[in-house]
Amino acid sequence: MTRPTVDESPASTAASTAPAPRAKRGPYRRLPVEQRREQLIAVALELFSRHAPEEVSLDDVAAAAEASRPLVYRYFPGGKQQLYEAALKSAASELITRFVEPAEGTPTERLAHALDRYLSFVHEHGAGYGALLRGGSAVETQRTTAMVDEVRRAAFRSIVQHLEVTAAGPRLGLLIRSWIAVVEATALTALDEGDIGEPEVLRDWLVDEFVAMFAVTALHDAQSADVLKRLLAHYDGAGPGAKLIEGLGGLLA
């Protein structure tokens, strides 16, 4: 039986053992300092939202930003932890501004306006919102947790201000914080499932949730009852919460 011939010449051997050529990375884009830093933060937010932070490397961030690893370290010498915290701080700072609302209209109208801006942020910056609120990461620190808490405190202060309350008592404070948790859960569910309703529908439902929670709490707390009376005094048969108030009236009748 004749054995097949094999070309074992040096040229053939070298060709068969040589590694495959690596794809060349395109030239790095030169950006102004602040623009480059913002770009790295935006890229990091997107990656941290889609993957657990411990699964994202600086090489991943550099590749997605069309930059080099040394360049990322130049902006964030503390490495991935510093970049992670900077990304979350950026998202938190922007989200806090969404609670600023002028003292115009009824309390439920103001609440609806703030919710419009809040849900708009979630829609426009889903990556940042998801990374900020989900937490539970191995790289989570007291600083990152404090950022999330500050967003919640900003929301709390804004609601108390528009309810015209000097200081919220235990029951009223628990009501407001519980409703903020409902808003967060609704926004995260919308990001994950994407089919729980249009932003306007979610906004109106959340306002109704707030009024309903107020009605229940008012049965057990004098301060909440007084605030609810002021809310109902503004009711003119239209606007956010109107359908719920009408529905409650119909049930009572």
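How long is the range 180-235 along each principal axis, judged by its Cα atoms, biggest number first, in Å?
Computed over the Cα atoms, the extents are 39, 22, 12 Å.
Express in % the proportion of alpha carbon pairs of the range 99-207 at distances exceeding 20 Å.
In whole percent, the long-distance tail amounts to 43.
Roughly how many nanometres apart are two label points built 7 Å out from the Cα toward the Cβ at GLU124 and VAL201?
Going from the GLU124 label point to the VAL201 one covers 2.4 nm.
Round to a whole number: what % of the accessible area of the range 113-203 belongs to carbon and sulfur, probe 1.4 Å?
53
Mind putting a number on the dipole of the range 51-124 about its Cα centre? Charges go on the C-beta only, +1 for Lys and Arg and -1 for Asp and Glu, and I need it in Debye to the nearest 20.
With Lys and Arg at +1 and Asp and Glu at -1, about 260 debye.
Could you give the radius of gyration (one decimal) and Dmax (whole number) of the Cα atoms in the range 28-98, in Å?
That works out to 11.6, 35 Å for Rg and Dmax.
Taking only protein heavy atoms into account and a 1.4 Å probe, give the accessible area per residue of the range 79-156 in Å².
That works out to 43 Å² per residue.
For the range 68-108, report the convex hull volume of the alpha-carbon atoms normalised per residue, in Å³, without decimals.
88
Which net charge results for the neighbourhood of LEU172, defined as the other residues with beta-carbon distances under 14 angstrom from its beta-carbon, given Lys and Arg at +1 and Asp and Glu at -1?
+2
The values are calculated or read from the model by the stated rules, or taken from the named source; none is laboratory data. Here the structure is a predicted model, which is why all the values come from computation and not from measurement. So basically every Cβ, Gly included, is an ideal-geometry build from the backbone, and we count neighbours across all protein chains shown. Heavy atoms of the whole protein, side chains included, go into the accessibility calculation; ligands, DNA and RNA do not. Shrake-Rupley method; radii C 1.70, N 1.55, O 1.52, S 1.80 Å.
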